[in-house]
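What follows is a short report on a single structure.
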């Protein structure tokens with residue numbers, strides 16, 4: 001069995017509101033979530049054609065929508081997507097993999113207007129199935 005975990009946490013993100021204007025901490029604002037992590041757990045069973053299964057999660061923290069009159073306004077929800085990958089080795093030095101990205105078809109977290117999202121943070125692809133074959137020579 002194997003596990004992994006990686007994360008980032010922003011302590012401070014100061015930026016001027018306008019040229020020559022006051023500095024404000026934009027940590028947690030739209031496009032700058034305080035916290036993000038990727039985590040996974042996998043198992044390998046050599047007795048079953050070197051069968052491998054791996055489940056992973058990708059989390060993006062909630063954010064404020066905007067900054068008005070010195071206050072954060074609006075709310076963009078946190079977002080978690082789950083992925084699953086299954087793989088087996090073949091007897092002829094090949095590997096077959098199949099899986100699904102975003103298993104639960106989670107859409108991007110939307111802004112207050114209900115239809116825009118940050119395409120640098122979120123994917124609009126939805127659930128994606130895949131099959132992959134690799135051959136070693």
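The values are calculated or read from the model by the stated rules, or taken from the named source; none is laboratory data. Here the structure is a predicted model, which means the values were calculated and not measured. Methodologically, a virtual Cβ is constructed for each residue, glycine included, from the backbone with ideal geometry; neighbour enumeration extends over all protein chains shown.
Data overview
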item: In segment 78-102, the residues that are at pLDDT 95 or above and assigned to a loop (DSSP other than H, G, I, E, B); result: 78, 102
item: Residue match in segment 56-73 (condition: part of a strand (DSSP E or B), modelled with pLDDT of 90 or more and surrounded by fewer than 13 Cβ atoms within 10 Å (Cβ to Cβ)); result: no
item: Segment 1-20 residues that are in contact (Cβ under 8 Å) with a residue 24 or more places away in the chain, paired with ones that are assigned to a loop (DSSP other than H, G, I, E, B) (beta carbon under 6 Å, 6 or more apart); result: 10/27; 10/34
item: Enumeration of residues in segment 33-47 that are more than 11 Å from residue 76 (Cβ to Cβ) and outside any strand (DSSP E or B); result: 34, 46, 47
item: Subset of segment 100-137 that is on the phi > 0 side of the Ramachandran plot and touching a residue at least 12 places away in the same chain (Cβ under 8 Å) - its residue that is surrounded by the most Cβ atoms within 10 Å (Cβ to Cβ); result: 102
item: Subset of segment 23-32 that is outside any strand (DSSP E or B) and without any contact (Cβ under 8 Å) to a residue 60 or more places away in the chain - its residue that is surrounded by the most Cβ atoms within 10 Å (Cβ to Cβ); result: 26
item: Some residue of segment 103-116 being in a strand (DSSP E or B) and modelled with pLDDT of 95 or more; result: no
item: Selected residue [under 15 Å from the mean Cα position of the chain (by Cα), surrounded by 15 or more Cβ atoms within 10 Å (Cβ to Cβ) and more than 30 Å from residue 133 (Cβ to Cβ)] from 79, 83; result: 79
item: Selection count where residues are farther than 23 Å from residue 119 by Cβ and under 16 Å from the mean Cα position of the chain (by Cα), scope segment 10-50; result: 3
item: Among the candidates 73, 90, 116, residue that is under 20 Å from residue 43 (Cα atoms) and out of contact with any helix residue (DSSP H, G or I) (no Cβ under 8 Å at 6 or more places or on another chain); result: 90
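A quick yes/no check of all residues on (1) more than 18 Å from residue 89 (Cα to Cα); (2) modelled with pLDDT under 90; (3) touching a helix residue (DSSP H, G or I) at 6+ places or on another chain (Cβ under 9 Å):
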| position | (1), (2), (3) |
| --- | --- |
| 10 | yes, no, no |
| 24 | yes, yes, no |
| 33 | yes, no, no |
| 40 | yes, no, no |
| 50 | no, no, no |
